[in-house]
Each structure stands twice: as C-alpha cells, then as structure tokens.
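Worksheet: one structure, shown below.
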Amino acid sequence: MTPATLVQPQVKLTQHLIDGQWCDSADGKTLETFNPATAEMIANVAAGDRADIDKAVAAARRAFDSGPWSKMSARDRGKLLYRLADLIAENADELAALEVLNNGKPISEVKGADVPLTIETFRYYAGWADKVTGDTIPVDSTFGNFLCYTRREPVGVCGQIIPWNFPLLMAAWKLGPALACGNTVILKPAEQTPLTALRLGELALEAGFPPGVLNVVSGFGETAGDALVRHPDVEKIAFTGEYKTAQIIMKNAADTLKRISFELGGKSPAVVFADADMDLAVRGAMTGIFFNQGEVCCAGSRIFVEESAHDEFVERFAAAANNHRLGDPFDPNTRQGAQVSKEQLDKVLRYIDIGKREDKATCVAGGSQHGDTGWFVKPTIFADVTNDMRIAQEEIFGPVASVIKFREINEVIREANTTMYGLAAAVWTRDISKAFAVANGVRAGIVWVNCYNTFDPAAPFGGYKFSGHGRENGKGVLDMYTETKTVWVNLD
Ligand code: NAI
Ligand code: MG
C-alpha cells in the first residue's frame, strides 16, 4: 500500500477569494487544516470574521447591483457555468487528490462520485440558466383590459454555508442553481475542508465569472458563518449541516428576515423483507451505511430486517463489513477512508460505546478505532437493536449501523417513521405491493426501492421534519433562488 503521505497534491491556495482577489483575513487570523488519514497538518488557511464577510458582501452586492453580471444575459451565465464544468473536468485529478487529502475519503469514491457529480451539477444548472421563464396570466377583464405576466428575478446576494462531508459536491449543489439564476454568492466552506472550495473559486475566475460574483471566505461557523447569517445585505442563506446549527441560523436570520433553505441530517430507515434478493440487500445496506465513512446525511443507519430473514442477513452483513477494505484513502482499492476530524472520530467512538452499554444490542462487526495513525473507525454493526435506543435515534454520522428486527409491514412503517428526521428511506423486496406500501408510507424526502445512494442533479434531494427546508437538485431549487414579479399592464 502506498502511504498517504507520499501522494499529497500541492496546496497553493490558502487565502480568501473576495472580489476576484486573493487576500488574508483582515485580522490576519488563520486556521489549521488536516489530513484525516495521517492526522498531520496540511496548511494554515485564512480564518475569516465579520470584517472579511463585510468586504465579501460589499463585493457581491456591487456585482449584483451594478457589475457586468447584472447586465449579462441568462444564456451567457449558462455558458460560464458550462465553462466552469469543463475546467473542473480538465482538473479532475488534482481536485480529486485535494479532496482526498483534506477529507480522508477514498480516491475511488471521489473519482466515481464526488467529481463527476460536481461536473454534472454545473452542467445541469448551466442548461437551466436561460429556461427560467415567467408566465402570461389570463386575468379577469371586468375592471379593464390587462396584460399580466410574471418575471423570475434573482433573489440577490446569497450566503451559502456548506459542510465537510462532500466539500466539492456541496459547493456545486449550492452554486449551480444560485449562479444560473443570476444571484451573487459568498460561499463559506467548512473549517475542516476549505481546500477544494478555494480551488473551485480559482477555476470560476478562470472561467470568466466577473469579480464579486463568487466569493469564497473560509473560516469557522461561529465567526464567519454567523456574520454571513446576520448581514443585512445578504438576502438568502442556504445551509447544509447539523439541525442544531440550523436552529441557531434560523433565529439569527430572523432579524433580517432572510430566505432560508436547509439540508440537514437523518437517521434513515432501510427495510429488508424476507423475500428480498439478499445479495442486493446486503450490498445496498453496505453502501447505505459505509459509503463516505458513514458521513452522509442520508446514510441508511437503521436497518429493519424481517424476523425470518434476520439471522441470515446479519451474518452476511457482518461478513461483508469485516471484508470491507479500510485504509489509505489514496489506494485505489480502499473502500473506506478516515473520519474527517478528531472531533468526529471521538463522536463516533462515543456512540459505539453507548451501543455497547445498551443491554440488548450486540456488536457483530467492528466496534473500535482502526490503527493508531489517523482517524479511522472499523465498519461497525449492532444487531438486536430496538428503535428506542440512542444508537437508533441519534445521528452518529459515522460507519455504525443498527439492525432492528420486525414482524409485519404496518409495524415497520410505523417504526421507520418514529424518528425526528425524514431525509431518506429504502426498501428491499420482490413484492411490488410491499415496495409501494413502504415508499408511500414513509415520511421521507427520498425513497430507494431495491437500491441505495443513487444521485442525479435532476432528481430533488432533501427532507421532511428535522431533515430540512426545501430541496436541492432538480428544477424546484430554481424557485428558492428566484423571486416572482407580477407585472400588470393597462392596455386600455
Ligand atoms: P455544523 O452544522 O456545525 O457545520 C456545518 C457548517 O455550518 C460549517 O461550515 C460550519 O462552519 C457552519 N456553522 C457552524 N456553526 C454556525 C453558526 N452558528 N452560524 C453559521 N454557520 C455555522 O456541523 P459540524 O459541527 O461540523 O458537525 C456536527 C454534526 O452535524 C455531525 O456529527 C453530523 O451529525 C452533523 N452534520 C450533518 C451534515 C449533513 O450533511 N446533514 C454535514 C455535517 C455535519
Ligand atoms: Mg457545529
């Protein structure tokens, strides 16, 4: 195996991108960013605060109100987004290596999912740019003769706050629709993973986006993020992360009555009926919980298995988990890399400990840290879990699955819905009526039938209940980045 330290890409960008210029923080502060596979520091990156956010918002405001962006045709905006997608494709290997270095996820996944989906997301929204149209409305003529029509106009300056689990892809999900609709943006990447967002900012400049249209300010949530949320000249906040952070954001955004959209966590149920194709179900359960080290908002972390198939499923699932290749994320054969930070490692290990201390649950795979370098956790499975246990109710955000036994369909739908979250759900069965009963019965934004973790920029993604507000991807997002203006023209 190649040691991760030997394959490190060069880190060139460590400053904020504001108004088309690279700059340090006004107070000179920086934050340390790490390689999760080795726990070594990679670089000091600018840590922004209120003064940097003020400067970035002023630049975004100018670009929106009076810059070349405000006069650019929608079609030309689309061309810039296509150009950005092409530049990402041309620099795919470098971006992939940077993402692996900073996040700890395996290179096979970055090249198979993160980077291609990032490119496709920009292309998808590039295509929308000149297709966001209004309507002509057939209004009543009792009081006169009118032409009534609607225009779809950009919301304005948008603050976009993203997490560390898919740094590049989350930036694309946010930027694609915002820029296609003609908004300007201040993107705040997570403090753990600023590197690919900064490189993306550089590629956007190279693509020809005018200064101030896309600003990238790195920094902590409590400082840079908070300043963005409270800023009176920011019209919208789009956020992905923990629901508790969303609650803080909602309160702090209230004074300036911002538009908000949230993509939050989950505790997604995956239901396996005894008649399912067991190979497919085990593979699906593996992907559902161990993809991206379990650092996935829609991770299938509660696996409900019908009683008669329970023991066979658990045995096969545990065997697959024990064979899962864990290690150097730069090795193309690695299937699971490192957790993003020491903090996340500790959180996951704490939950494993809670699971072990719950009387009834049995740990049938993993159950500990892997190795003593970096922040790796063995793929872990608890069997004999009940839905009321903490490991079945709280988001662990790591490679830890809970398997719960069930007897009949109404019971499992009820239990699946007994959670504060409602992001995703899955069902494995050969019986079409059971598949539809679960698909219709679960209160979740995405349902996978005999599959898991399939994504497409055209397919809406987001959750019910504590899993969020609004949707990402698909054409619905365009509503969240536009205002509708109704124009009445007196024709008499
Ligand atoms: P977080 O929600 O605190 O961080 C996400 C983003 O929000 C980061 O960019 C952060 O700097 C920013 N942020 C934090 N506090 C803020 C504030 N007061 N105002 C404005 N922005 C703020 O998530 P964190 O602390 O990194 O992870 C904690 C847990 O959250 C994880 O263990 C996981 O359970 C969950 N999470 C869920 C994600 C998802 O995709 N749904 C992504 C990341 C974390
Ligand atoms: Mg936090």
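Would a scan of the stretch 122-138 turn up a residue that is buried (at least 21 other Cβ atoms within 10 Å of the Cβ) and closer than 30 Å to Ala43 by Cα?
Yes, there is a match, as at least one residue in the stretch 122-138 is buried (at least 21 other Cβ atoms within 10 Å of the Cβ) and closer than 30 Å to Ala43 by Cα.
Go through (1) within 15 Å of ligand 2 (Cβ to nearest atom); (2) under 19 Å from Asp114 (Cβ atoms) one by one and return the number of the condition Ala204 breaks.
Evaluating Ala204 over (1) within 15 Å of ligand 2 (Cβ to nearest atom); (2) under 19 Å from Asp114 (Cβ atoms) leaves (1) as the failure.
Can you confirm whether Ala227 is surrounded by 19 or more Cβ atoms within 10 Å (Cβ to Cβ), among the aliphatic types (A, V, I, L, M) and more than 10 Å from ligand 1 (Cβ to nearest atom)? Working first, answer last.
Details: surrounded by 19 or more Cβ atoms within 10 Å (Cβ to Cβ): yes; among the aliphatic types (A, V, I, L, M): yes; more than 10 Å from ligand 1 (Cβ to nearest atom): no.
Answer is no for this residue.
Can you list residue pairs whose Cβ atoms sit under 9 Å apart, with the first residue in the stretch 1-20 being at pLDDT below 85 and the second being among the polar types (S, T, N, Q) and not in a loop (DSSP other than H, G, I, E, B)? Count only pairs 6 or more apart in sequence or on different chains.
Qualifying pairs under 9 Å: Ala4/Asn35; Thr5/Asn35; Gln8/Asn35.
Which one is nearest to Phe466 (Cα to Cα) among residues in the stretch 228-248 that are in a helix (DSSP H, G or I) and within 16 Å of ligand 2 (Cβ to nearest atom)?
We begin by selecting, within the stretch 228-248, every residue in a helix (DSSP H, G or I); these are 228-230, 243-248.
Narrowing the set further to residues that are within 16 Å of ligand 2 (Cβ to nearest atom) leaves 228-229, 243-248.
Values: Leu228: 23, Val229: 20, Tyr243: 7, Lys244: 10, Thr245: 12, Ala246: 10, Gln247: 10, Ile248: 14 Å.
The residue in question is Tyr243.
Any residue in the stretch 116-144 that's within 28 Å of Phe166 (Cα to Cα): show its pairings with residues that are part of a helix (DSSP H, G or I) and of a type in the set (Val, Ile, Thr) at Cβ separation under 7 Å, as long as the two are six or more apart or on different chains.
Qualifying pairs under 7 Å: Thr118/Ile88; Ile119/Ile88; Phe122/Ile88.
Out of the residues in the stretch 388-417 that are crowded, with 19+ Cβ neighbours inside 10 Å and in a loop (DSSP other than H, G, I, E, B), which is nearest to the chain's Cα centre (by Cα)?
Phe397
When you scan the stretch 83-194 for strands (runs of 3 or more DSSP E) that lie fully inside it, which ones turn up with 1 or more residues that are within 16 Å of ligand 2 (Cβ to nearest atom) and of a type outside the set (Ser, Thr, Tyr)? Even if it seems obvious, please write down each step before you answer.
Numbers: elements: 146-154, 157-161, 184-188.
In the stretch 83-194, 157-161, 184-188 are the strands (runs of 3 or more DSSP E) which contain 1 or more residues that are within 16 Å of ligand 2 (Cβ to nearest atom) and of a type outside the set (Ser, Thr, Tyr).
If I go through the stretch 324-355 residue by residue, how many of them are free of Cβ contacts under 8 Å to residues at least 60 places away in the same chain and not in a loop (DSSP other than H, G, I, E, B)? So that I can check it myself, show each step before the final result.
Filtering the stretch 324-355 down to residues free of Cβ contacts under 8 Å to residues at least 60 places away in the same chain leaves 324-326, 343-355.
Retained after the next criterion (residues that are not in a loop (DSSP other than H, G, I, E, B)): 326, 343-355.
Residues in the stretch 324-355 being free of Cβ contacts under 8 Å to residues at least 60 places away in the same chain and not in a loop (DSSP other than H, G, I, E, B): 14 in total.
Could you list all residues from the stretch 143-168 that are buried (at least 24 other Cβ atoms within 10 Å of the Cβ), among the hydrophobic types (A, V, I, L, M, F, W, C) and within 23 Å of Glu99 (Cβ to Cβ)?
Ile161, Ile162, Phe166, Leu168
Look through the stretch 418-451, keep the residues that are of a type in the set (Ser, Thr, Tyr) and buried (at least 20 other Cβ atoms within 10 Å of the Cβ), and return whichever of them is farthest from Lys267 (Cα to Cα). Quick ask: steps written out before the conclusion?
Pass one, the stretch 418-451, residues of a type in the set (Ser, Thr, Tyr): 418-419, 421, 429, 433.
Checking which are buried (at least 20 other Cβ atoms within 10 Å of the Cβ) leaves us with 419, 421, 429.
Details: Thr419: 7, Tyr421: 6, Thr429: 21 Å.
Once the filter is applied, the top-ranked residue is Thr429.
With the checklist (1) under 21 Å from Asp19 (Cβ atoms); (2) within 19 Å of the chain's Cα centre (by Cα) in hand, flag the one item Phe220 doesn't pass.
So Phe220 meets the others, but not (1).
Any residue in the stretch 236-255 that is under 23 Å from Leu478 (Cβ atoms) and modelled with pLDDT of 95 or more sitting within a Cβ distance under 7 Å of a residue that is surrounded by 19 or more Cβ atoms within 10 Å (Cβ to Cβ) and aromatic (Phe, Trp, Tyr)? List the pairs, counting only those 6 or more apart or interchain.
Going by the 7 Å Cβ cut-off, the qualifying pairs are Phe239/Phe262; Ala246/Phe239; Ala246/Phe262; Ile249/Phe239.
Here are some conditions: (1) surrounded by fewer than 17 Cβ atoms within 10 Å (Cβ to Cβ); (2) part of a helix (DSSP H, G or I); (3) more than 22 Å from the chain's Cα centre (by Cα). Ala56 meets all but one. Which one does it not meet?
(1)
Quick check: anything in the stretch 356-368 among the acidic types (Asp, Glu) and assigned to a loop (DSSP other than H, G, I, E, B)? Lay out the reasoning, then the answer.
Here is the first cut: in the stretch 356-368, the ones among the acidic types (Asp, Glu) are 358-359.
Filter once more, so that each one left must be assigned to a loop (DSSP other than H, G, I, E, B): 358-359.
Yes, the stretch 356-368 contains at least one residue that is among the acidic types (Asp, Glu) and assigned to a loop (DSSP other than H, G, I, E, B).
For the list (1) over 27 Å from Val155 (Cα atoms); (2) without any contact (Cβ under 8 Å) to a residue 60 or more places away in the chain, I need the number of the one condition that Leu101 fails.
The number of the failed condition is (2).
Quick one: would you say Arg199 is closer than 24 Å to Ser467 by Cα, away from ligand 2 (no atom under 14 Å from the Cβ), touching a residue at least 12 places away in the same chain (Cβ under 8 Å) and over 18 Å from the mean Cα position of the chain (by Cα)? First the steps, then the outcome.
Numbers: closer than 24 Å to Ser467 by Cα: no; away from ligand 2 (no atom under 14 Å from the Cβ): yes; touching a residue at least 12 places away in the same chain (Cβ under 8 Å): yes; over 18 Å from the mean Cα position of the chain (by Cα): yes.
No.
Within the stretch 262-274, take every residue that is surrounded by 22 or more Cβ atoms within 10 Å (Cβ to Cβ) and more than 16 Å from ligand 2 (Cβ to nearest atom) and give me the one that is nearest to the chain's Cα centre (by Cα). Please lay out each step first, then the result.
Going residue by residue through the stretch 262-274, those that are surrounded by 22 or more Cβ atoms within 10 Å (Cβ to Cβ) are 262-273.
So of that shortlist, the ones also more than 16 Å from ligand 2 (Cβ to nearest atom) come out as 266-273.
Numbers: Gly266: 12, Lys267: 15, Ser268: 15, Pro269: 19, Ala270: 20, Val271: 23, Val272: 26, Phe273: 29 Å.
Among residues in the stretch 262-274 that are surrounded by 22 or more Cβ atoms within 10 Å (Cβ to Cβ) and more than 16 Å from ligand 2 (Cβ to nearest atom), the one nearest to the chain's Cα centre (by Cα) is Gly266.
Pull up the stretch 162-193, narrow it to residues that are away from ligand 1 (no atom under 15 Å from the Cβ) and hydrophobic (A, V, I, L, M, F, W, C), then point me to the one that is nearest to Val296 (Cα to Cα).
Let us first name the residues in the stretch 162-193 that are away from ligand 1 (no atom under 15 Å from the Cβ), namely 176-184.
Now narrow it down to the ones that are hydrophobic (A, V, I, L, M, F, W, C): 178-181.
Values: Ala178: 23, Leu179: 25, Ala180: 26, Cys181: 28 Å.
Per the stated criteria, the residue is Ala178.
Every residue in the stretch 456-467 that is over 20 Å from Glu242 (Cα atoms) and surrounded by 16 or more Cβ atoms within 10 Å (Cβ to Cβ), please.
Pro457 - this is the single residue of the stretch 456-467 that is over 20 Å from Glu242 (Cα atoms) and surrounded by 16 or more Cβ atoms within 10 Å (Cβ to Cβ).
Of the numbered conditions (1) closer than 25 Å to Glu191 by Cβ; (2) in contact with a Pro (Cβ under 9 Å, 6 or more places away or on another chain); (3) among the charged types (D, E, K, R); (4) within 16 Å of ligand 1 (Cβ to nearest atom), Lys347 fails exactly one; give the number of that condition.
Lys347 satisfies every listed condition except (2).
Just checking, which of Ser308, Ser301 is more than 29 Å from Leu187 (Cα to Cα), within 16 Å of ligand 1 (Cβ to nearest atom), modelled with pLDDT of 95 or more and of a type in the set (Gly, Ala, Ser)?
Numbers: Ser308 fails: within 16 Å of ligand 1 (Cβ to nearest atom).
It is Ser301.
Specify the residue that is modelled with the lowest pLDDT; the eligible residues are those in the stretch 140-161 that are small (Gly, Ala, Ser) and more than 16 Å from ligand 1 (Cβ to nearest atom).
Step one: of the stretch 140-161, the residues small (Gly, Ala, Ser) are 141, 144, 156, 159.
Next, only the ones that are more than 16 Å from ligand 1 (Cβ to nearest atom) stay: 141, 144, 156.
On the way: Ser141: 89, Gly144: 93, Gly156: 98.
So the residue we want is Ser141.
The values are calculated or read from the model by the stated rules, or taken from the named source; none is laboratory data. Just so it is clear, the structure is predicted and the values come from calculations on it, not from any experiment. Glycine also receives a Cβ, built like all others from the backbone with ideal geometry; neighbour counts cover every protein chain displayed.
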